[in-house]
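Asks: Handing you a structure now.
The values are calculated or read from the model by the stated rules, or taken from the named source; none is laboratory data. Keep in mind that what you see is a predicted model, and the values were worked out from it rather than measured. Counting neighbours? That spans all protein chains shown, and the Cβs are built from the backbone with ideal geometry, glycine included.
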């Protein structure tokens, strides 16, 4: 785009102030403007963008074939996203013969790796196995965007669905439990999903942990109360003792 501030190569130079208020700018040449053509430029925070892309790099499917440096498959990522994504991927991938077979893991997916074990143990220690959830990607076919992994709403609990049993499995706890419809919202299969995945527990086989006729389902959905606490038994015992004592007094009065 040519303009008054064009350089020797015909590029227009425009400096954005550090305290700029707008996030979107539109530019057009005189010729293009008359035809309704505009170039849109969106300004985003550099650090925020880099942090988001760094997080994505930790779970990218490029880990499987060791393509963190974007050499095997081209990428359209620009900076700062490209470097942040590539570096975080490279930091966690466990390279080896698995690169050729596309079966490599990140250190956070390998329970035998100290950092993987520490992260999984921390996750498992905070589990609430009384809450149903979706055990996603036990078959390893899913990525963070393709929604192709297996979905298991019926047989697993939080502590069971983790990298110790399956390096690619992901636990997604359910919210919005609906006893009437026997369903719940249980996480997202892709980071692009607008709506959470819906678990339909009526589809579970008889005998499955989360089958609607099972105790776990009834407790989670409020259809059955949990066993009484020890404190409740103690108070009942006190009432019984007081009743017995009252009867003795009555008998004594009659004599």
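Asks: What single numbered condition from (1) within 25 Å of residue 218 (Cα to Cα); (2) in contact with a strand residue (DSSP E or B) (Cβ under 6 Å, 6 or more places away or on another chain) fails to hold for residue 157?
Replies: All conditions pass for residue 157, except number (2).
Asks: Okay, moving on. From the list 23, 59, 103, 83, which residue is at pLDDT 90 or above and in contact with a strand residue (DSSP E or B) (Cβ under 9 Å, 6 or more places away or on another chain)?
Replies: 59 is the lone residue from the list that is at pLDDT 90 or above and in contact with a strand residue (DSSP E or B) (Cβ under 9 Å, 6 or more places away or on another chain).
Asks: Within the bounds of the range 195-217, is there any residue that is under 30 Å from residue 107 (Cβ atoms) and modelled with pLDDT of 95 or more?
Replies: yes
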